[in-house]
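The values are calculated or read from the model by the stated rules, or taken from the named source; none is laboratory data. It should be emphasised that the depicted structure is a prediction, and the values quoted were computed from it without experimental measurement. Using ideal geometry, Cβ is built from the backbone for each residue, glycine included, and neighbour counts are taken over all protein chains shown. The area values use the complete protein model at the heavy-atom level, side chains included, leaving out ligands, DNA and RNA. Shrake-Rupley method; radii C 1.70, N 1.55, O 1.52, S 1.80 Å.
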Amino acid sequence: MSGIVGYAGSKDALPVVIGSLKRLEYRGYDSAGIAYQNGKGIEIFRTRGKIADLQDALPSPLPEARVGLGHTRWATHGIPSERNSHPHRSAGVAVVHNGIIANYRKLKSELMSEGITFSSDTDTEVIPHMISRNLGLGLPLKKAISETVSRLRGTFALVILSETHPHTLFALRRDRPLVLGIGTDEYFIASDVCAILPHAREFVFLEDGQICTLTVNGFEIEHLETQGPAPVKRQSVTVDWAPAAAEREGYDHFMLKEIHDQPRTVADTFDEWIKNPQSLLDESGLSPNMTLGLRRLQMVACGSSYHAALIGRFLIERFARVSVDVDIASEYRYRDPIVDNGTLLLSISQSGETADTLAAQRAAKKRKIKTLTLSNVVGSTSSLEADAVLYTRAGPEIGVASTKTFTAQLTVLTLFALALGIRRGTLSLKEANTVKSRLMEIPEAIRAALQKDAEIRELAATLLQSRGFLCLGRGINYPIALEGALKLKEISYVHAEAYPAGEMKHGPIALVENGLPIIVLAPRDDLFEKMALSMEEAKARGGRVVGITDTVEALPGSVHDAIAMPSTHHLLWPFVSVIPLQLLAYHIAVLRGCPVDQPRHLAKSITDE
Ligand code: M6R
């Protein structure tokens, strides 16, 4: 969604702001803008298009400033255009905003009835006008801001520049992330840590109801309403993501880099816990009573994180013998699920900012059940609000398509299932050790799977004309079929359906016609014979069967293309089988000329319902 960056410090602000905006490009945007104070007043430059277009619109050399503000906009209210781009201004005040002001129509008509003229179609523009109006009534700036905010409905992260305070930025939030970065003689505010990674290692995640003031000399966090000091509940955290982790490092796209990162990110994620998986339970903050008394686990997530949850269900039911429900978060939040004091909600979200997942987590809290979250981002909203937290250690994921965070989620879920099983006495140490040692081999297995990149690129070239795909799996591999289909849809813009293979006869088989690519996940497990039958049936109806397997020689002759993958423990095969599907979607997308890292209509985290 929209991205925000603010800078106050000893360096030239504008190059820093522009560099930071570029690191937010991955979130998806359609226009960009900056603001700074030029000694006489606030200067704003905005444009529809990319940061490069904004740079073209800026004077050269760039004006000097110690305090600056930037924004990338993802249109919600008003078409992408210069006039709707942020920052928005009113006399002496400029504002950037991420979120939605739900009651902006009412506020706008109130302001218009007072003779205020609007120059955009956005919801945001009411904010600078209201602050200016309050200043005009004689309120001091922070009071003018808090009075304004008290009238806003909806969600927002705001950063404000005012001519009354030429060397200062004001930042505040409600249900949208804002992070303060502390550098050496410089301070940053951003919607996302990635924007400011090269400049700061220490971060404070702002909380709702606080206002943060940044100047070239320091920062201050206060209660917005009382304007007294706000005890920061959570101290600053150190984020150990290397700045290079947010760079492409020679790969054509972030997605490809992130696919190839997976041997390392899986290993980084299990590293700390593999010797003693139970340490993961202790670290999460879940009490022994909660884990021993656990009767029902409700997992909620969206997109790829939902697919990881579906795989987690197999592992947790198998090892820990706990009953598991998995819900799409946007469905769970409107259900009335049955819960008791033995119920735990586990939300999975790489960003920790997905609106539906947060709403589901909050709904669980309202029902007075404990919440655990699994996130990739230290300090994300889900991690701040949950009772217990687990982190994947995948580093920043920039491509919109989830790849390395998906396998990192599988890693934590595997260890979580083992740890629960050991603690609850439902899993023998012998079996736990077997799974652990197979998990330690997964980075190598993924490396071997990645060796098939060129082969998969060739296969992709032969599938370019196909407008539809079917992906089939069974058991723990069915969620991988779903994940493969999602990748094809979001990155390659081709229609793809995933089915549990056993469901084909109940309708979808009617779709099979000459040449339809049918990707079948067929490891040599208990269900292999059934998968082989599905391949025969698909072939008999003209389908082009692409078999992904660990035993090519056992595949039936009906298979048109076979992709050989390494074998592993049957419950860990999803780590391996997802790799060719990620690569296939990637190569089809590249060959079709799709913008792989920023697919149309999508953003990295979906912070609106
Ligand atoms: O940050 P989250 O894990 O909560 O995001 C959930 C989905 O939006 C996300 O997985 C999305 O489906 C990806 N684009 C999939 O590649």
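Quote the relative contact order of the stretch 510-609 in percent (integer), defining contacts as alpha-carbon pairs under 8 Å separated by 6+ residues.
Over the stretch 510-609, the number comes to 21 percent.
At 0.36 nm per residue, and after removing the present C-alpha to C-alpha distance, how many nm does the segment from residue 495 to residue 283 gain when stretched out fully?
Here the answer is 72.2 nm.
Roughly speaking, what is the centre-to-centre gap between the stretch 371-403 and the stretch 259-291 when only Cα atoms are used, to the nearest Å?
13 Å
Quick check: residue separation of residue 553 and residue 81 times 0.36 nm, minus the Cα distance between them. What number comes out in nm?
This chain segment gains 164.2 nm when fully extended.
Among DSSP bridges having both ends in the chain, what percentage is antiparallel? Round to the nearest 5.
About 60 percent, rounded to the nearest 5.
Can you tell me the FRET efficiency between residue 431 and residue 184 if r is taken as the Cβ-Cβ distance and R0 is 51 Å, rounded to the nearest 0.05?
0.50
So for 36, 306, what's the accessible-area order with a 1.4 Å probe, most first?
306, 36
Using the Cα centre as the reference, give the magnitude of the dipole from point charges on the C-beta atoms of the chain (Lys, Arg: +1; Asp, Glu: -1; all else neutral), rounded to the nearest 20 debye.
Approximately 1000 debye in magnitude.
Give the dimensionless ratio obtained when the Cα radius of gyration of the chain is divided by 2.2 N^0.38 Å.
1.02
To the nearest 10 square angstrom, what accessible area does residue 462 show with a 1.4 Å probe?
Its accessible surface works out to 80 Å², give or take rounding.
Of 71, 570, which has the most accessible area with a 1.4 Å probe, and how do the rest follow in descending order? If you can, show how the numbers build up before the last one.
Working: 71 0, 570 100 Å².
Solvent-accessible surface, decreasing: 570, 71.
Check residue 562: other-chain or 5+ apart residues with amide H under 5 Å from its amide H, H built from backbone geometry?
It is 547, by chain and number.
Under a crude label model (7 Å from the Cα following the beta-carbon direction), how far is residue 240 from residue 447 in nanometres?
Here the answer is 2.2 nm between the modelled labels.
Under a crude label model (7 Å from the Cα following the beta-carbon direction), how far is residue 208 from residue 118 in nanometres?
2.5 nm
Any chance you could run the full-extension gain for residue 295 through residue 526? It's 0.36 nm times the residue separation minus the Cα-Cα distance, nm to one decimal.
80.3 nm
Hey, if we sort 165, 253 by accessible area with the 1.4 Å probe, largest down, what's the order?
Of 165, 253, the descending order of accessible area is 165, 253.
Considering amide H positions built from the backbone, and no H for Pro or chain starts, which residues 5 or more places from residue 103, or on another chain, come under 5 Å of its amide H?
Correct list: 153.
Can you name the helices of the chain, as whole DSSP H runs, whose Cα span along the helix axis is 24 Å or more and whose Kyte-Doolittle mean is not below 0.5?
404-424, 573-591
Using alpha-carbon positions, what is the distance between the centroids of the stretch 119-181 and the stretch 408-481, in Å?
47 Å
Let me cross-check residue 318: its accessible surface, 1.4 Å probe, with only protein heavy atoms counted, in Å² to the nearest 10?
100 Å²
For residue 42, tell me the accessible area in Å² from a 1.4 Å probe, rounded to the nearest 10.
Residue 42 has an accessible surface of roughly 10 Å² with all protein chains in place.
When the helices in the chain are scored as -39500 (n - 2.57) per DSSP H run of 4 or longer and the sum is shared across all residues, what 222 nm value do you end up with, to the nearest 500 deg cm²/dmol?
-11000 deg cm²/dmol
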